[in-house]
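So the structure is just underneath, and the comments pick up after that.
None of the figures in this text is laboratory data; all of them are computed from the coordinates on show. Worth saying up front: this structure is predicted, and the values here are computed from it rather than measured. Positions of Cβ are backbone-derived with ideal geometry, glycine not excepted, and every protein chain shown enters the neighbour counts.
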């Protein structure tokens with residue numbers, strides 16, 4: 001291994017003693033495996049490790065994504081260790097391309113473990129000694145963003161809290177009188193690491209924390225409060241309080257002398273073991289304590305990158321003095337809660353941004369008169385909340401509409417971006433080229449190939465215009481691998497079959513146009529597969545259910561019709577985007 005500018009010093013006895021006190025080695029540990037999984041998910045990396053550096057090897061009590069042999073052995077020799085640089089320098093190690101970085105070039109892990117990009121944050125004990133690192137690893141060069149490193153640093157802080165608790169627990173286990181209590185508290189944190197990792201909203205987090213401490217610390221009330229942008233304290237667990245009490249503390253100045261206000265303002269754990277301590281340190285809250293029958297409390301700051309973001313507060317109906325282990329447990333639990341809150345905030349911001357982008361890519365429907373037009377788009381309930389589904393409608397002449405619904409392969413921001421490019425090209429061709437729909441789809445495919453845009457997508461392009469030979473209108477369409485449109489008339493429902501290969505797969509794909517007379521007062525529905533596709537059900541059965549529902553609801557106004565179809569078939573837990581477009585001809 002080549003490390004020209006960072007001399008490696010031998011491990012100190014104190015550090016090795018601290019390592020031994022963790023009780024961790026080259027065996028998997030559920031709590032630290034959970035940290036590795038969190039890093040992989042949040043930073044979107046193939047491999048993440050909780051790595052501890054011993055005298056002659058590094059071990060991985062937490063690991064995810066390693067090749068099978070390394071995942072099984074959970075250790076490497078120090079010759080393969082990037083982590084030892086974090087330990088030696090007591091500082092983060094950020095490597096964008098290990099093959100060219102002089103600090104690690106030549107390290108066998110580059111080839112053996114495919115470590116190309118690396119970001120590692122120190123893991124410390126309660127004396128500040130670095131025991132190892134929490135690291136994210138990519139098999140390709142990567143420019144780590146500041147948000148990536150901030151999130152990894154926050155996760156490393158929570159992981160360090162768990163290490164410290166392990167050390168405290170191992171020490172306590174050697175004291176027979178406290179062994180059972182210590183183990184119970186460590187199990188609480190193990191459950192916390194798992195349960196809080198599966199939360200995505202603030203309400204979920206508050207509910208999980210209340211369940212975790214009930215039956216263990218047995219508080220009378222568990223409160224979560226956050227600091228807003230103006231420095232005020234906002235109560236986020238008021239549903240567990242009488243309405244008058246919750247309203248009193250819904251939002252109040254950060255300068256108030258309450259347990260929560262003190263913890264947020266000073267960033268330290270606030271211990272109030274009896275009512276006298278409450279009167280002395282938190283006089284603004286005394287009246288509420290007396291009203292509720294509370295006699296003691298503890299408030300722990302929820303720490304973010306820029307300081308406290310809120311506080312976790314527990315109160316009891318009797319005097320309660322927390323011992324050292326209980327304080328360590330609450331500090332570690334607060335770390336998990338803070339991480340969960342920041343992740344929930346990040347996911348909420350990501351969801352909002354993604355949905356704004358997706359909806360910005362969708363066109364507003366034109367004035368369809370004399371036709372009735374309606375559309376609906378709903379993002380997936382999980383994942384990145386955006387994808388490649390879209391709908392479009394363009395008025396070509398007074399009584400001539402072009403209608404499109406499509407789905408670009410993929411369920412992420414890239415799919416949304418590709419959808420925007422494909423939709424824009426199709427709109428230009430519809431306006432510029434008065435050609436049959438099959439010819440226009442062939443031209444779209446050819447344009448994509450000529451421009452190097454191999455965008456795989458399904459789509460239906462349809463024209464609706466007056467039928468010169470009969471009362472009513474004519475639908476002229478071509479289908480590129482998309483679910484078949486549905487036509488509802490007074491005579492019943494018809495599936496408009498006829499499907500060619502999807503776009504972006506084959507060169508010079510032959511395509512077919514189809515025509516169908518549409519009587520006055522008929523409804524045509526176009527939709528994407530997210531409406532009916534599930535992992536558990538047969539496609540044909542779901543398609544038949546859609547047909548039955550549409551037949552029974554066909555007389556509803558189109559917006560109500562689409563709302564009912566979406567609610568009955570997709571609901572709030574659908575796994576894919578859903579796009580719906582409906583048109584009704586005049587009577």
I'm spelling it out carefully: the read-out is Rg and Dmax of the Cα atoms in Å, the candidates are (1) 35.4, 119; (2) 23.6, 82; (3) 30.5, 95, and one was derived from this structure. Which label?
(3)
Per residue of the chain, what 222 nm ellipticity follows from adding -39500 (n - 2.57) for every DSSP H run with n ≥ 4, rounded to the nearest 500?
-12500 deg cm²/dmol
Quick one: grab the alpha carbon gyration tensor of segment 13-158, order the square roots of its eigenvalues as a ≥ b ≥ c, and give me rounded if a/c is under 1.5, else prolate or oblate depending on whether a/b is larger than b/c.
rounded
For helix 179-197, report the angle its Cα long axis makes with the longest principal axis of the Cα atoms of the chain; keep it between 0 and 90° and round to the nearest 10°.
20 degrees
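Rounded if a/c is under 1.5, else prolate if a/b beats b/c, else oblate: with a ≥ b ≥ c from the C-alpha gyration tensor eigenvalues square-rooted, which is segment 101-159?
oblate
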Over the residues of segment 515-568, compute the C-alpha Rg and express it relative to 2.2 N^0.38 Å.
1.23
Enter the angle in degrees (range 0 to 90, nearest 10) between the Cα long axis of helix 146-173 and the first principal axis of the Cα atoms of the chain, meaning the one along which they spread out most.
40 degrees
Assertion target for 435, 543, 291, ordered by fewest C-beta neighbours within 10 angstrom first, is 291, 435, 543
Over all directions, segment 362-584 yields a Cα convex hull whose mean projected area in nm² is 11.6 nm²
Going fewest to most other Cβ atoms within 10 Å around each Cβ, 318, 533 line up as 318, 533
Treating the angle as unsigned and between 0 and 90°, give the value, to the nearest 10°, between the Cα long axis of helix 413-432 and the longest Cα principal axis of the chain.
20 degrees
Show me, bin by bin at 10 Å from 0, the whole-percent P(r) of segment 453-582 based on Cα pairs.
12, 39, 35, 13, 1
Return 458, 258 ranked ascending by Cβ neighbour count within 10 Å, so the fewest neighbours appear first.
458, 258
